[in-house]
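Notes follow the structure.
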Amino acid sequence: GAGVSQTPSNKVTEKGKYVELRCDPISGHTALYWYRQSLGQGPEFLIYFQGTGAADDSGLPNDRFFAVRPEGSVSTLKIQRTERGDSAVYLCASSPGLAGETQYFGPGTRLLVL
Amino acid sequence: AQSVAQPEDQVNVAEGNPLTVKCTYSVSGNPYLFWYVQYPNRGLQFLLKYITGDNLVKGSYGFEAEFNKSQTSFHLKKPSALVSDSALYFCAVRDRDNYGQNFVFGPGTRLSVLP
């Protein structure tokens, strides 16, 4: 595709519910990143995939957060038992896969937990 | 651990004047350095990056940045600001010698260019 896409663009849920956020990276990009951005702050790293495997998941805040990338392309970020503090914009980025290469960001999913 | 500081929350500059948005970093190895811009309700857009070689890097929309290893800085500059440059700017670093390390972003600097 032309760029990184994320769905849904907005998600409103109730506290305690389960949500899934989807990321479609640029075709051929082997590296995929998830970030969380709260209002007025910089993106906060969550997890990084190289191919199908999570190369670094040190940014996941707790075990309610989980991400998969089963075929090395599309990725899903899963949040269980959502809390109000999970409300943020969740950003996905992809890159061709080498360390110095530019990350290309999607438009984000704005999650609101009521 | 790596970190990025952007010491100014807000930078105001008159249209046509030069602008500087400051960034300092800390990594244990050598850095890859990036600047991104974010417009309201939009994703982050890549501006420029330093990988190796020439310390002065030129990027999109007339922006440039200078890598200064001794001062661990990577300030973003533009000779003549436009009102359309008003946005949120983020500096990011990755440790070149520890590939498993993730990107770290600074807190952002809001640039306002006044007509």
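Below is a table of values for the structure above.
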| read-out | value |
| --- | --- |
| The range B:25-36, residues that are within 14 Å of chain A (Cβ to nearest Cβ), assigned to a strand (DSSP E or B), more than 30 Å from B:Pro115 (Cβ to Cβ) and not aliphatic (A, V, I, L, M) | B:Tyr25, B:Pro31, B:Tyr32 |
| The range A:22-68: number of residues that are in a strand (DSSP E or B) and either within 14 Å of chain B (Cβ to nearest Cβ) or over 14 Å from the mean Cα position of the chain (by Cα) (or both) | 21 |
| Some residue of the range B:43-54 being of a type in the set (Ser, Thr, Tyr) and either touching a Ser or Thr at 6+ places or on another chain (Cβ under 9 Å) or at pLDDT 90 or above (or both) | yes |
| Of all residues in the range A:1-21 being part of a strand (DSSP E or B) and closer than 11 Å to A:Leu91 by Cβ, the one that is nearest to the chain's Cα centre (by Cα) | A:Leu21 |
| Positions within the range A:69-84 being outside any strand (DSSP E or B) and in contact (Cβ under 8 Å) with a residue 24 or more places away in the chain, in sequence order | A:Arg69, A:Gly72, A:Ser73, A:Val74, A:Gln80, A:Arg81, A:Thr82, A:Glu83, A:Arg84 |
| Residue tally, condition touching a residue at least 60 places away in the same chain (Cβ under 8 Å) and either part of a loop (DSSP other than H, G, I, E, B) or in contact with a Ser or Thr (Cβ under 9 Å, 6 or more places away or on another chain) (or both), over the range B:93-107 | 10 |
| The range A:69-114: number of residues that are within 14 Å of chain B (Cβ to nearest Cβ) and not small (Gly, Ala, Ser) | 14 |
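The values are calculated or read from the model by the stated rules, or taken from the named source; none is laboratory data. Not measured: the values here are computed from a predicted model. Please note: Cβ atoms are built from the backbone with ideal geometry, for glycine as well, and neighbour counts cover all protein chains shown.
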